[in-house]
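A.B. asks: Okay, handing you the structure first.
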């Protein structure tokens with residue numbers, strides 16, 4: 001990864017997690033924000049889901065021909081675990097592509113590790129679009145600019161008010 005690409009990934013990751021709101025993001029850390037650890041059963045389920053996700057591999061992302069006017073949620077692979085609730089924290093793998101450029105601007109797959117965060121601390125398209133997703137699933141989110149970064153994107157790789165397409169694999173609910 002080039003230095004420019006690494007800086008872009010860091011900027012987008014930071015903006016996705018909205019650290020100014022006090023919401024933490026971390027690498028492959030399945031523990032909850034208060035430091036409590038998962039139960040053994042939940043940890044085993046998360047480990048199994050992550051293994052299935054990694055076996056599927058990094059997804060290809062198709063962009064729509066026109067900008068989105070509303071959030072579009074599509075389950076590519078239906079998970080078999082518990083479903084995400086609005087107050088949950090999650091651990092995911094994801095790829096983000098801009099609709100205008102058709103280019104990838106961020107990917108946990110490219111960094112080689114999952115990311116964990118509370119749904120209350122991410123862009124609105126993610127906080128709404130991941131609710132109901134089941135552990136082990138893969139979901140596509142087509143997010144209009146108003147539910148993404150709006151007029152002030154965190155990176156020059158994302159245009160103002162750009163529709164973003166994410167493919168998200170849910171490894172765990174923390």
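The values are calculated or read from the model by the stated rules, or taken from the named source; none is laboratory data. Keep in mind that this is a model prediction, so the values were computed, not measured. Cβ sites come from the backbone with ideal geometry, for glycine too, and all protein chains shown count toward neighbours.
A.B. asks: Quick one: which residue in 19, 118 is closer than 23 Å to residue 153 by Cβ and modelled with pLDDT of 60 or more?
C.D. replies: Criteria check complete, one pass: 118.
A.B. asks: Moving on. Go through the residues of the range 91-100 one by one and say whether even a single one is free of Cβ contacts under 8 Å to residues at least 24 places away in the same chain and surrounded by fewer than 21 Cβ atoms within 10 Å (Cβ to Cβ).
C.D. replies: No, the range 91-100 contains no residue that is free of Cβ contacts under 8 Å to residues at least 24 places away in the same chain and surrounded by fewer than 21 Cβ atoms within 10 Å (Cβ to Cβ).
A.B. asks: Can you tell me how many residues within the range 151-174 are closer than 20 Å to residue 66 by Cα and assigned to a loop (DSSP other than H, G, I, E, B)?
C.D. replies: The total comes to 9.
A.B. asks: Among residues belonging to the range 102-140 that are part of a strand (DSSP E or B) and more than 12 Å from the chain's Cα centre (by Cα), point out the one that is nearest to residue 77 (Cα to Cα). Working first, answer last.
C.D. replies: Of the range 102-140, the ones part of a strand (DSSP E or B) are 104-107, 115-118, 134, 138-140.
Those still in the list that are more than 12 Å from the chain's Cα centre (by Cα) too: 104-105, 134.
Details: 104: 21, 105: 23, 134: 9 Å.
The qualifying residue nearest to residue 77 (Cα to Cα) is 134.
A.B. asks: Here's something else I'd like to know. Quick check on the range 86-98. Is at least one of its residues assigned to a loop (DSSP other than H, G, I, E, B) and within 13 Å of the chain's Cα centre (by Cα)?
C.D. replies: No, the conditions are met nowhere in the range 86-98.
A.B. asks: Within the range 129-143, does at least one residue satisfy the condition of being surrounded by fewer than 24 Cβ atoms within 10 Å (Cβ to Cβ) and without any contact (Cβ under 8 Å) to a residue 12 or more places away in the chain?
C.D. replies: no
Residue-wise test of (1) in contact with a strand residue (DSSP E or B) (Cβ under 8 Å, 6 or more places away or on another chain); (2) buried (at least 21 other Cβ atoms within 10 Å of the Cβ).
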site: 69; (1), (2): no, no
site: 76; (1), (2): yes, no
site: 89; (1), (2): yes, yes
site: 113; (1), (2): no, no
site: 116; (1), (2): yes, yes
site: 152; (1), (2): no, no
site: 167; (1), (2): yes, yes
site: 172; (1), (2): yes, yes
